[in-house]
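**Q** Take a look at this one; I'll ask things after.
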Amino acid sequence: MARPTKYIEVKLCNSCRLNVNYKKFRLIKPLTKGPNKGKLVGWTDINGGTRCSRCKNCEKNKANNKYRLNPIPQLIFAFKKRAKTQKVPFDLTVEDIRDLLKNAGNICPVLGVKMTISELGSGDTNYSPSFDRIYPKKGYVKGNIVIVSNKANRIKTDATVDEIRKVADFYEKLLKNK
């Protein structure tokens, strides 16, 4: 006879060691690899859902700290995913990204402002470093990537140099006439 499942509403987080409501823990899916493939590894909440043993806040902090220590794996993952979605080439290596980061310095070459990685949850990412494709259609390839501030990258988006110049000229004229 199987042991009855104990349903839990408040759980001790294995990371921060605080008692937290079950809703603050992420629902998990069955394992996809290894000897426990198909099994759910976690604890059961009051609704019968299987949850992670670390609260969402601790998971987010761990991921953020890992990114700050070495952002390259996350950058490569994101670039590959974007390249696939946009159907553009990708051939950057870890060394290419490491060289770009090392040579970029901390001043945005477009706006001349200091670039810093924003604090988690601050929402102020204007001056965080951002990778920009010089020619968007060429994709994420060596020689086609430059590091600028997130704000400069958003201003450019997919516009050409001529289009950006036209926008600047228009607003310059508009401001002079006021």
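The values are calculated or read from the model by the stated rules, or taken from the named source; none is laboratory data. The shown structure was predicted, so the numbers you read here are calculated from the model rather than taken from an experiment. Positions of Cβ are backbone-derived with ideal geometry, glycine not excepted, and every protein chain shown enters the neighbour counts.
**Q** Here is a list: 81, 39, 33, 66. Which entry is under 30 Å from residue 140 (Cβ atoms) and in a loop (DSSP other than H, G, I, E, B)? Walk me through it before giving the result.
**A** Details: 81 fails: in a loop (DSSP other than H, G, I, E, B); 39 fails: under 30 Å from residue 140 (Cβ atoms); 66 fails: in a loop (DSSP other than H, G, I, E, B).
Going through 81, 39, 33, 66 in turn, the sole match is 33.
**Q** Answer yes if at least one residue in the stretch 5-24 is in a loop (DSSP other than H, G, I, E, B), in contact with a Leu (Cβ under 6 Å, 6 or more places away or on another chain) and not assigned by TED's automatic domain parsing to the domain that holds residue 98, and no otherwise.
**A** Applying the first criterion (in a loop (DSSP other than H, G, I, E, B)) to the stretch 5-24 yields 5-7, 9, 13-18.
If we keep only those that are in contact with a Leu (Cβ under 6 Å, 6 or more places away or on another chain) too, we end up with none.
No, that holds for no residue.
**Q** Which is surrounded by 10 or more Cβ atoms within 10 Å (Cβ to Cβ) and closer than 28 Å to residue 62 by Cα, of 125, 160? Reasoning before the result, please.
**A** On the way: 160 fails: closer than 28 Å to residue 62 by Cα.
None of the others qualify; the one that does is 125.
**Q** So residue 54 clears everything in (1) within 30 Å of residue 99 (Cα to Cα); (2) of a type in the set (D, E, K, R); (3) modelled with pLDDT of 90 or more except one condition, right? Which one?
**A** It is condition (1) that residue 54 fails.
**Q** With 97, 46, 28 as the choices, which residue is under 30 Å from residue 146 (Cβ atoms) and at pLDDT 85 or above? First the steps, then the outcome.
**A** Numbers: 46 fails: under 30 Å from residue 146 (Cβ atoms); 28 fails: under 30 Å from residue 146 (Cβ atoms).
Matching residue, one of 97, 46, 28: 97.
**Q** Right, another one. Identify all residues within the stretch 53-81 that are in contact (Cβ under 8 Å) with a residue 60 or more places away in the chain and either within 16 Å of residue 13 (Cα to Cα) or β-branched (Val, Ile, Thr) (or both); write none if there are none.
**A** 60
**Q** Could you pull out the residue among 84, 137, 114 that is surrounded by fewer than 12 Cβ atoms within 10 Å (Cβ to Cβ), touching a residue at least 12 places away in the same chain (Cβ under 8 Å) and in contact with a strand residue (DSSP E or B) (Cβ under 9 Å, 6 or more places away or on another chain)?
**A** On the way: 84 fails: touching a residue at least 12 places away in the same chain (Cβ under 8 Å); 137 fails: in contact with a strand residue (DSSP E or B) (Cβ under 9 Å, 6 or more places away or on another chain).
Answer to the selection: 114.
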